[in-house]
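J.: The following block contains the structure, expressed as structure tokens.
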Amino acid sequence: MGTLSFSTSILLFTIVFHSCLAASNDDPLTGTKREALEIIIGGGGGEAPSPSDEFPPSSPPCKHFQNENGCFENARLAKAYDVIQRFKEKIKVDANSEKYLKTWCGTDVCKYRGIYCDIRPDVKEKAVAGVDFNGAKFAGCDGTLPLDGFFDELDDLAIFHANSNNFTGTVPFKASKIKYLYELDLSNNKIAGGFPMKTLSAMNLTFLDLRYNSLKGTVPQQAFDLTLDVFFINNNNFAPQMLPTNLGDTTAVYLTFANNNFTGSIPASIGKARNLLEVLFLNNQLTGCLPYEIGNLTQSTVFDASSNKLTGPIPYSFGCLKKMQILSLTNNQFYGEVPETVCKLPMLNKLSLSNNYFTHVGPACRGLIEKKKLDVKKNCIYGLPNQRSEKECVAFFLKKKDCPRMETFYWVPCVKHGYDYYKYSDEGKSPAAAPPARTYSTLTPHHRL
């Protein structure tokens, strides 16, 4: 009977800890672990076990939360363990995922790679507060890897970052109930469906990155009422749509529309987006003329509307963009003179105006050309090299051109009663060193802000 009882206990031992043994770096078929197990069972020879070996001391009683999976600090961590283990079963095991999965063993989920814990402020309990799977390249065993059942079941999340994986399906509505979630990065995945407005509107997000997915349909106007600091939606499959008229209601500091199908003109309301530091409109189907209200973006450092179908002159109000570092209007149909006030902007490092129909540059602009800060190739500027042919320029200017509110192109909102208040405030000061542009990194799938 003693031998039967021992064999039974060993069988139970191996069943309970089989998954952890399998996750070990040691070969389960060779090495010390296997040899030791054979000796205990009796296949490896040696002395018979003593009664004390047959019945090892029991584990100390759990002082916190106990369930069928083991002992946990609290019920929140016990639930997180169950959610993570179920998710683990869906992940295809390969060289990338194994770096994470081999650590997802045992009841201390706070030690799992990619999982971060903190004290939840309202209940003062430790909880899974952060998930960072950036670059993990997780894929599903069956080719799908839905967010449902994982992301939306981690009730205590504050941050969920999953750039460059293979998550599929839609953003689950149940995730809208995650009280403290404020950063959501699902960029460079395979998320489909429409823009998840109902889910996002119920959250308290400040950071939203949905770029490089397969989102379809339109981006609703309500998206620009979200109190976001970061809003990235570039490189999706949105249907052609005009930029929303309430664009200026956004609280975003960084905003990217690039590489989509947005049409129509840039709305005048953009001048109200006073938090906006960087905005990328490049490579869409935008038309019309630039609104002078862009000159109200006095904190902006990057404005890129290149590779569209925009036209008209550059508004004189752009001379108010005193913190502008990168201004790109290349590959459009702009014409007229390049305002000297723009070329005199104190922080300007790059002014890209190539492939347009500009006709004149003044001394300040010619100085930028010499410093290689201004690119005006393929325009209609007499006397400069690498310009369009006379035939191209004549053909363009024979076409009718019309910009609404043409009188506003000479308005300069930062100059009142003939006095430049910005010039006064900066007089005698050297411009501070400007931080590098950040939103251009979003045009590469694997890069994060």
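J.: Could you pull out every one of the lysines with an alpha carbon less than 23 Å from that of Lys92, ignoring same-chain neighbours closer than 8 positions?
T.: Lys79, Lys102, Lys111, Lys137, Lys190
J.: What does the highest-first list of 209-218, 65-74 look like by mean Cβ count within 10 Å?
T.: Numbers: 209-218: 20.2, 65-74: 14.5.
Descending mean neighbour count gives 209-218, 65-74.
J.: Here is a follow-up. Which part of segment 229-268 falls in the paramagnetic zone of Ala192, meaning amide N under 16 Å from the point 7 Å along Cα-to-beta-carbon?
T.: It comes to 236-239, nothing else.
J.: Please report the orientation-averaged projected area of segment 288-414, defined via the convex hull of its C-alpha atoms, in nm².
T.: On the way: hull surface 28.4 nm².
Seen from a random direction, the Cα hull of segment 288-414 projects 7.1 nm² on average.
J.: Between His360 and Cys110, how many nm apart are label points set 7 Å from Cα along the C-beta direction?
T.: 6.9
J.: Next up: Counting only protein heavy atoms, what percent of the accessible surface of segment 227-268 is carbon or sulfur at a 1.4 Å probe?
T.: Working: 650 of 1220 Å².
With neighbouring chains kept in place, the figure for segment 227-268 is 53 percent.
J.: For Asp152, Asp225, give the ranking by accessible area with the largest first, probe 1.4 Å. Provide the component values of the computation, followed by the final result.
T.: Numbers: Asp152 15, Asp225 90 Å².
Solvent-accessible surface, decreasing: Asp225, Asp152.
J.: Let me ask something else. Describe numerically, in nm with one decimal, the distance between label points set 7 Å from Cα along Cα→Cβ at Asn275 and at Asp94.
T.: The answer from the label model is 3.8 nm.
J.: Mind checking which lysines have their Cα closer than 25 Å to the Cα of Lys344? Skip sequence neighbours fewer than 8 apart in that chain.
T.: The reachable lysines, counting only those whose Cα sits under 25 Å from Lys344, are Lys272, Lys322, Lys323, Lys371, Lys372, Lys373, Lys377, Lys378, Lys416, Lys423, Lys429.
J.: In segment 288-414, carbon and sulfur make up what percent of the accessible area (probe 1.4 Å)?
T.: 54
J.: Between segment 243-284 and segment 193-212, what is the C-alpha centre distance in whole Å?
T.: The two parts, judged by their Cα centres, are 17 Å apart.
J.: Considering only protein heavy atoms and a 1.4 Å probe, what is the carbon-and-sulfur percentage of the accessible area of segment 146-196?
T.: Details: 910 of 1620 Å².
Looking at segment 146-196 in its full context, I get 56 percent from C and S.
J.: What's the extension gain from Asn237 to Lys371 if we count 0.36 nm per residue and subtract their Cα-Cα distance? The partial results should precede the final answer.
T.: Working: separation 134, 0.36 × 134 = 48.24 nm, distance 3.92 nm.
So the extension gain works out to 44.3 nm.
J.: Got a sec? Charge dipole of segment 288-414, +1 on Cβ for Lys and Arg, -1 for Asp and Glu; which of Ala395, Cys414, Val376 is way out at the positive end?
T.: Of Ala395, Cys414, Val376, it is Val376.
The values are calculated or read from the model by the stated rules, or taken from the named source; none is laboratory data. Computed from a predicted model, the values in this text were never measured in an experiment. Heads up, the Cβs are rebuilt from the backbone with ideal geometry, glycines too, and the neighbour counts pull from every protein chain shown. Quick note on the areas: whole protein, heavy atoms, side chains included, nothing else; ligands and nucleic acids left out. Shrake-Rupley method; radii C 1.70, N 1.55, O 1.52, S 1.80 Å.
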